[in-house]
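Contents: one structure, followed by commentary.
None of the figures in this text is laboratory data; all of them are computed from the coordinates on show. It should be emphasised that the depicted structure is a prediction, and the values quoted were computed from it without experimental measurement. Cβ coordinates were reconstructed from backbone atoms using ideal geometry, including for glycine residues, and neighbour counts include every protein chain displayed.
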């Protein structure tokens, strides 16, 4: 059982003892710390916070605790109920709210839940704000409102539809072209809120949705991370239904993966590549992804005359780099699409609409579209180290060893070779180095990873 406190929120498994798991006491304590920080930061007479959740079993319990804690601080709450992470993100500025909280553990299994924290722009908090909230939570320096000053809860269940309206109004989403294409698409909503939002979006676009696991009851029918080894059912159903492709989202709908018409994975890394290919064909500009994402985005960006930039891992880092470089699209290789013309957050609804437009305007099947992109393959491994080993010193030594190559050290150590790359990152919770590699074949990516593990052991003397 686990409780993880970080600058982006608090995440843990339900049940057990306070301080070691995500119990009601921990949920109240952290919600109170967030509300206190918000009041200190904004210094206003009245405050409003948007709260929404995915469909996991513990969601209703955690949401009631969080909302009523905010009420106890004198903060008014807009309750979106069952929602998605990107829906809450767009609701915050639309409501002129001071912040937002999303209750979701993203791709983690059903025993997990979390509080994800947003600022007044509907974006994830930066490191400084997150640190302040952690400090408040540890200090218990919180003052609650008197009885006449308690906040109020207002229910608003219209925001998924408002979110869809916003997506359909985007200039690069061609609703008419999508309707004319008469697509048939299978949707795996992993029995969470994607089962509400994605079929509803497809209906509005004239797409025939075939629903698989779209009942939002939180009983995940498979591991909710949208990886190939978890998606046998939808791969089979796409072929059986003779669908044009399949859509898979995680429980809070910020990660997006596609299945091609033959039942094969399009590849999470290529979700961003395909959407960027379309956006860059219509809007010249730059792109951003994190250091562990595929080189294919760089290739596509350069093909369209733009410049690719890499950020440290983490959505908040991608967003900041996108703002710094005025990127027209960006995201993460885990299927997260960030399209600034909508908002600065990973959004599977936006990604789905852009992908459908790309297909509708072209003449290729999904498998043909994938084959048109540069072929890269990844390997993701890790090496267990002894607790007494200085991991930071080891990474510094690795950077020095490969100083003659293209080395980036903003997040661990990334070495870009001519035909492949290696990214080494340390775990924040245990003595582990994670090794990410990418090359032109899976065998080569695996070989590069194994060779790098050998080098790490040699440098570390283990």
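For the peptides 439-449, 345-355, the ranking by mean Cβ contacts within 10 Å, running from highest to lowest, is 345-355, 439-449. Packing here is the average count of other Cβ atoms within 10 Å per residue, and on that basis the peptides 59-67, 38-46, 250-258, highest first, run 250-258, 59-67, 38-46.
Secondary-structure-derived ellipticity at 222 nm for the chain, considering helices only, amounts to -12000 deg cm²/dmol, per-run term -39500 (n - 2.57) for DSSP H runs with n ≥ 4.
Going by a ≥ b ≥ c, the root eigenvalues of the Cα gyration tensor, does the stretch 70-206 fall in the rounded group (a/c under 1.5), the prolate group (a/b larger than b/c) or the oblate group? Because a/c hits 1.5 or more and a/b exceeds b/c, the stretch 70-206 counts as prolate.
Rg/Rh, computed from the Cα trace of the stretch 332-415 with Rh as the Kirkwood radius, has the value 1.14.
Sorted ascending by nearby beta carbons within 10 Å, beginning with the fewest, 71, 422, 88 become 71, 422, 88. What the Cβ-Cβ distance of residue 407 and residue 368 gives, at R0 = 35 Å and to the nearest 0.05, is a FRET efficiency of 0.40. Write down the percent of antiparallel bridges among all DSSP beta bridges whose residues are both part of the chain, to the nearest 5. Around 55 percent antiparallel, to the nearest 5. The Cα trace of the stretch 201-303 gives Rg and Dmax of 15.2, 44 Å, the first to one decimal, the second as a whole number. Kirkwood hydrodynamic radius of the stretch 377-460, from the reciprocal of the average inverse Cα-Cα distance over all distinct pairs: 12.8 Å. Per-residue Cβ neighbour counts within 10 Å put 89, 138 in the sequence 138, 89, beginning with the fewest. Computed over the stretch 165-252, relative contact order equals 36 percent, with contacts defined as Cα pairs under 8 Å that lie 6+ residues apart. DSSP assigns beta bridges within the stretch 163-371; of those with both partners inside it, close to 35 percent run antiparallel. Across the stretch 39-86 the C-alpha pair distances fall into 10 Å bins from zero in the proportions 26, 48, 24, 3 percent. Contact order for the stretch 377-460, expressed relative to its length and based on alpha carbon pairs under 8 Å spaced 6+ residues apart, stands at 37 percent.
Per residue, the average separation of C-alpha pairs within less than 8 Å and at least 6 apart gives the chain a relative contact order of 11 percent. Ellipsoid fit via the Cα gyration tensor, the stretch 163-371: semi-axes of 25, 18, 16 Å, each the root of five times an eigenvalue, largest first.
Cβ-to-Cβ counts within 10 Å put 452, 94 in ascending order as 94, 452, the fewest first.
Using the Stokes-Einstein relation with a Kirkwood hydrodynamic radius computed over Cα pairs, the translational diffusion coefficient of the chain at 10 °C and a viscosity of 1.306 mPa s comes to 69 µm²/s.
Listed peptides 261-269, 73-81, 141-149 appear in the order 73-81, 261-269, 141-149 once ranked by packing, highest mean of other Cβ atoms within 10 Å at the front. May I ask you to list the residues of the stretch 16-31 whose amide nitrogen lies under 20 Å from a point 7 Å from Cα along the Cα→beta-carbon direction of residue 140? Residues 17-31 fall inside that zone. The calculated FRET efficiency for the pair residue 131 and residue 444, based on their C-beta separation and a Förster distance of 45 Å, comes to about 0.65.
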